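Read through the structure below, which is laid out as structure tokens, and then see the notes.
All of the numbers you see were taken from the coordinates with simple rules; none came from a lab. Note that this is a predicted model, so its numbers are computed, not measured. Note: ideal-geometry Cβ built from the backbone for every residue, glycine included; neighbour counts use all protein chains shown.
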Amino acid sequence: MTSTDLPVAILAGGMATRLGPIAEKVPKLLVEVGGEPFFSHQIRLLKAAGLTRVVLCVAHLGEKIVEAYGDGSKWGMKIEYVFDGPRLLGTGGAIIRALPRLGEAFYVLYGDSYLPIDYRAAGDAFLRSGKLGLMTVFENRGRYDASNVQFAAEGIVLYSKKIKAANMRHIDYGLGGFRAAAFDGFPRDAPVDLAEVQEKLVGRGELAGFEVKERFYEIGSPQGLAELNQLLKKA
């Protein structure tokens, strides 16, 4: 197995409440940025890395994504869809529901993250680590959002969205690698936060870290959407 063999699970089932009226009638992946739906930009980044198989974890207005992108063949991609069902399952629960489509190992990408990095390098680091999970991290120092990771040469020392420590200088960048076994012991068809899974892996010494130098962009907030729009217009 190589890093380009890994499918990419994209978490795209959120309600996008922070975007207000912008996302009332369209899911976040279809919000326009740089003159196109956001998902089109994500697809280009993945294709550039040789990653062509995507499993979209969807819920709110997910049918509109299916209508717009179908099986992905027009993009040279293979896109599959897994819906949460009658209730939202959270970021971890959505991945657990999609495990039969994802197989033994896979990437996880947030559906509002635009990450201009070397995806294959992160995937290679994950496979080399032999661990159940990998988190990409960026030395944020509180600039773009609250830093939530203590990172050292040996990997992820501490990760928490609740605990704030002075030595947390990095932030979860938005791209991860996981083996299916990382989700053992968590409930099926019930809400699970991916952060819970990652925190458990840290405690077991099973979460590798991969530091990136390029800042992240996101469309989860009006400010982030405006920043990315400006970036893509200049490209």
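Summary of computed values
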{"item": "Solvent-free Debye scattering, log10 I(q)/I(0), computed from the Cα coordinates of the stretch 181-235 at q = 0.13, 0.23, 0.24 Å⁻¹", "result": "-0.60, -0.89, -0.91"}
{"item": "Long pairs among 28/234; 74/161; 131/234; 162/213, criterion Cα-Cα beyond 27 Å", "result": "74/161; 131/234"}
{"item": "Residues of type lysines that residue 25 reaches as a straight line, Cα spacing below 22 Å, ignoring anything fewer than 8 places off in the same chain", "result": "64"}
{"item": "Shape of the stretch 84-137, Cα gyration tensor, a/c cut at 1.5", "result": "oblate"}
{"item": "Packing rank of 24-35, 126-137, where each peptide gets the mean count of other beta carbons within 10 Å, highest leading", "result": "126-137, 24-35"}
